[in-house]
Amino acid sequence: MERGRRNLLITGGAGFIGSNFANYWYNRYPEDKLVILDALTYAGNLNNLSLILNDSRVVFVKGNICDAPLVSKILQEYDIEIIAHFAAESHVDRSILAPGTFIQTNVVGTFTLLDCFRHHWEKQGKPPHFRFLHVSTDEVYGSLEIGDPPFTENTAYAPNSPYSASKAGSDHLVRAYYKTYQLPTIITNCSNNYGPYHFPEKLIPLMCINILLGKPLPIYGKGENIRDWLYVEDHCRALDLVIHKGKPGDRYNIGGGNEVRNIDLVRLICKIMDEIAPNLPVKPSERLITFVKDRPGHDFRYAMDSSKIQRELGWQPLESLESGLKATLQWYIDNPQWWQPLLSKEYQEYYRQVYQMV
Ligand code: NAD
Ligand code: DAU
C-alpha cells in the first residue's frame, strides 16, 4: 500500500483495543489524520485517548455507527481512505443478559459502515488502496476440546453465544461486500486481548482490581476453560501489517500462542500481584479465589493457528504471557484514577446481575 498522508476512520476508538490502536497509530504514523467515531457506551472512555485528543491530527466524533447520514458525512468530510472497525458490543456475559444491542451494533452497525463506505469508494472511482479492516474474534469458530487442532482461517463458523453469533453475522456481511462489490475488505479474527484500558468486566482487569480491593475472584465452573491470550500491542502491530500488506478479500487469524486454563491464569495473576502490589488487603491473594456457577453455553477452549499471518506478513507476537501480564498489572496498580470511576452504580448493578446468572 502507498504511504503518504492518510485519513483513517477508527470506529470504537474509545474502547479497549480501538484506543490502544489509535494511540499506536498516532505515534507510528505522525503524518496521518485519525477520525475516531464512538458512541461512548459504558465501554467507551475518552480518558483512553487523553494522550492524543488535543492534537489537531485527531478528531473525535461522538456518534453511532448505525447512523448512516453521520457515517456518510464523516467519510466525505474527512476524505477517509481506511476504516479500522472496532466498534462493537464486546462482552459475552452482557450478550447473554441482553442480546438486542449486540444485533443492532454488531450486525446493523457493521452493515451501515460497509454500505456507506461502498458508496464513498464508488464515488471516488473505486481506488484500490482503500481498506475496510473488520476486527473480529476467534469465538466465531466455536469451541475446541483438548487435543483438537487450533482454529485456522478455513475452520467452519459455529458461534455459540449471542455475542459470537452477532460477530459471525458481521463477518459474513464483510465477506459478501468483497465478493459482490469487490470492496477492499479484510477480516481479522483474534484471540483474547489484554493490556491497559481494558474494562473491568473482562477476566484479567476484573481479577486485578478485585485483588487490589480485597474482593472475591469469581471463577466460572471449575476454571478449566482455556483461552489464548494476546497482548494488545502485539495485536495492534498485526493490524498495522494487515492494513499495509494484507490481501483484500482475505482473512487472518491472530493469536497470542499463550493457551492457558483460567484457574492457572488467575493463580499467576495472584502470584504477580503478591510480588508487585504494595499493601494488598488480603495476602496471599489466592485466598480470594471463589468458584461460581458456570457461564451458560461457556465455550471450553479457543486456540488460534496464526501461521498464515506469520508466513505471509511476517508477524510475531513479542510479549510473553508473563511479561505482558506484569506490564498490564503494573499499569492497573499505577492508574487507580483510570479504573476507580468505572466502578459506578450501573457497574455494581451489572456485577450483581451477572454473578447471579453464572
Ligand atoms: P470494547 O467493548 O472495549 O469497546 C467497544 C467500543 O465501541 C466502545 O468504545 C464503545 O463505546 C463503542 N461502541 C459500542 N457500540 C457503538 C456504536 N453503536 N457506535 C459507535 N461506537 C460504539 O471492545 P474491545 O474489547 O476493544 O473490542 C474491539 C473489537 O475487537 C470488537 O469488535 C470485538 O468484537 C473485537 N475483539 C475483541 C477481543 C478482546 O479480547 N477484547 C478479542 C477479539 C475480538
Ligand atoms: O476470544 C476473543 C473474545 O475474548 C472476544 O471476542 C470478546 O470480545 C472478549 O470479551 C473475550 O471473550 P471471553 O468470554 O473469552 O472473555 P472474558 O474475559 O469475559 O472471559 C475469559 C474467560 O474467563 C472465560 O472462559 C470466562 C472466564 N471468566 C470470566 C469472568 C469475567 C471467569 O471465570 N470469571 C469471570 O468473572
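The values are calculated or read from the model by the stated rules, or taken from the named source; none is laboratory data. If you're wondering where the values come from, they're calculated on a predicted model, not measured in any experiment. Every residue, glycine as well, gets a Cβ built from its backbone with ideal geometry; the counts of neighbours run over all protein chains shown. Just so you know, the surface numbers come from the protein's heavy atoms only, side chains and all, with ligands and any DNA or RNA stripped out. Shrake-Rupley method; radii C 1.70, N 1.55, O 1.52, S 1.80 Å.
Residue check: is D228 within 13 Å of ligand 1 (Cβ to nearest atom) and farther than 16 Å from F86 by Cα?
Working: within 13 Å of ligand 1 (Cβ to nearest atom): yes; farther than 16 Å from F86 by Cα: yes.
Yes; evaluated as a whole, the condition is true for this residue.
Surrounded by 18 or more Cβ atoms within 10 Å (Cβ to Cβ) and more than 16 Å from ligand 2 (Cβ to nearest atom): does that describe I36? Yes; evaluated as a whole, the condition is true for this residue.
K73 meets each of the listed conditions (1) within 22 Å of P200 (Cα to Cα); (2) away from ligand 2 (no atom under 16 Å from the Cβ); (3) of a type in the set (K, R) apart from (1).
Residues that are within 19 Å of the chain's Cα centre (by Cα) and closer than 22 Å to P248 by Cα number at least 2 in the following helices (runs of 4 or more DSSP H) confined to the stretch 1-102: 16-28. Restrict the check to the stretch 144-162 and report whether at least one residue is over 19 Å from the mean Cα position of the chain (by Cα), more than 15 Å from ligand 1 (Cβ to nearest atom) and part of a helix (DSSP H, G or I). Looking for residues that are over 19 Å from the mean Cα position of the chain (by Cα), more than 15 Å from ligand 1 (Cβ to nearest atom) and part of a helix (DSSP H, G or I), one finds none in the stretch 144-162, hence no. Of the residues that make up the stretch 143-153, is at least one open to solvent by 20 Å² or more (accessible area, probe 1.4 Å), at positive phi, of a type outside the set (D, E, K, R) and at pLDDT 95 or above? Scanning the stretch 143-153, I find at least one residue that is open to solvent by 20 Å² or more (accessible area, probe 1.4 Å), at positive phi, of a type outside the set (D, E, K, R) and at pLDDT 95 or above, so the answer is yes. Restricted to the stretch 249-358, the set of helices (runs of 4 or more DSSP H) holding at least 3 residues that are at pLDDT below 95 and surrounded by fewer than 17 Cβ atoms within 10 Å (Cβ to Cβ) comprises 345-357.
Based on this model, can you work out whether K202 counts as in contact (Cβ under 8 Å) with a residue 12 or more places away in the chain, within 15 Å of ligand 1 (Cβ to nearest atom), of a type in the set (K, R) and open to solvent by less than 20 Å² (accessible area, probe 1.4 Å)? I'd like the intermediate steps shown before the answer.
Working: in contact (Cβ under 8 Å) with a residue 12 or more places away in the chain: yes; within 15 Å of ligand 1 (Cβ to nearest atom): yes; of a type in the set (K, R): yes; open to solvent by less than 20 Å² (accessible area, probe 1.4 Å): no.
For K202, the condition - in contact (Cβ under 8 Å) with a residue 12 or more places away in the chain, within 15 Å of ligand 1 (Cβ to nearest atom), of a type in the set (K, R) and open to solvent by less than 20 Å² (accessible area, probe 1.4 Å) - is not met.
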